[in-house]
Amino acid sequence: MKKSLTVLTALGLLGTSLPVQAGIEEDIAAFQDYFKKRFPAVSLEDYADGVNALPQYAHRRANWELLMELPPHDPDLKKGRELWATPFKNGGTFGECFKDKPPANKYPYYDPASDDLITVEEDINSCLKANGEDPIKNLDTGTIALLAAAFREQFNGEKMAVDVSHPEAVKWYEKGRQYYWARRGQLNFSCATCHVHSAGNKLRGDVLSAGLGHGVGFPVYRTKWSIEGNPWGTLHRRYGGCNKQAHANPLEPQSPEYKALELYEAVMNTGIPLKVPSQRE
C-alpha cells in the first residue's frame, strides 16, 4: 500500500504538484508503469514514435507511416550529414571531437571537469570553438538542429541510458524533476498537466503526447514550424513553445532549467530507443 501511494503521489495523482523524494530507479519505474497502465497496448519501445504511438492517434498513424516512406526532412538531413563530415579550416572534424564523448543515448551527461551538465548542442559548439570556428548562436533551429540530428541519428536504436551516478548529476536530475512537475504561467500548467494527466486527450483538436518518450526523436521536423519557415527544432525550442502555450515566459535554450528538464526526461526514457529525426505535425 505504501509503495502504491508513493507511485501515485510521484505522478501527482493525489493532489500534489511535485513528486515525493524517491530513488531515481523508483521514479523511472513509477513513471513508466503509469503509462503502461494508461496505454496497455503501447510497448515501451513504441513510445519512440511519440504521439503516433497512442491509440487516440490511430486514425492518423497510417498517414504518418506513408509520409515516413519519403520523409520531408531527408533533404535537410543530408545537408546536416555533410556539415558534420566537412573538415574545419584546421583540418579537424566533428567526428574527432566526439570520438571521446558519450554516445547520443547517454546525453546529457554531467562533466566533473567543468562542473556542468552537457548537452549535444553544447558539445557541438565546444568543438567549433576548439577548432577555431565561430560557435552557433541560434540554439533553437537551423544549423545546430541539423548537426545534432546528424550526430544523434548515428545511434538510432540504442536505448536511452543516461548516467546519473555522480552526486552532482543527481542534483541536476532533482532540478529537472521539480521543473517538470511545478505549475507555471497564467494557465497554471506543469509539463505533467498535459503530458501525464492529459496524455491521449485532445486539446484544440490535437492529441496530447505522452511524457514517456519525449526527447528521443529530437531534433524534429514539424509541419507547423515548416509553415513558419523554420521546420527544424531542438528539444529546447519545444520547451520554449510549451511555456508559451501555458502563458509562461519561455527561457533561453541551454538555460540551466531546460538542461535539467532534458536530463529528467532522458532518465524517464530509460530503455526507449533513439529514433532521430522524427517528424511531427
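Points to keep in mind about this one:
- As for the stretch 54-69, it holds at least one residue that is within 17 Å of ASN269 (Cα to Cα) and modelled with pLDDT of 95 or more.
- Residues being surrounded by 15 or more Cβ atoms within 10 Å (Cβ to Cβ) and farther than 21 Å from PRO273 by Cα - total across the stretch 209-225: 1
- Of the residues making up the stretch 229-239, at least one is out of contact with any Pro (no Cβ under 9 Å at 6 or more places or on another chain) and over 20 Å from ALA260 (Cα atoms).
- Single residue of VAL162, VAL196 found to be surrounded by 14 or more Cβ atoms within 10 Å (Cβ to Cβ), at pLDDT 95 or above, closer than 19 Å to ALA53 by Cα and of a type in the set (A, V, I, L, M, F, W, C): VAL196
- Filtered by the rule that a residue be farther than 18 Å from THR143 by Cβ and surrounded by 14 or more Cβ atoms within 10 Å (Cβ to Cβ), the stretch 105-131 gives ASN105, LYS106, TYR107, PRO108, TYR109, TYR110, ASP111, ASP116, LEU117, ILE118.
- Filtered by the rule that a residue be surrounded by fewer than 16 Cβ atoms within 10 Å (Cβ to Cβ) and either under 16 Å from the mean Cα position of the chain (by Cα) or over 24 Å from TYR47 (Cβ atoms) (or both), the stretch 171-182 gives a lone residue, LYS171.
The values are calculated or read from the model by the stated rules, or taken from the named source; none is laboratory data. Bear in mind that the values here come from a model prediction, so they are computed numbers and not experimental data. FYI the Cβ positions are ideal-geometry reconstructions off the backbone, even for glycines, and counts take in every protein chain you see.
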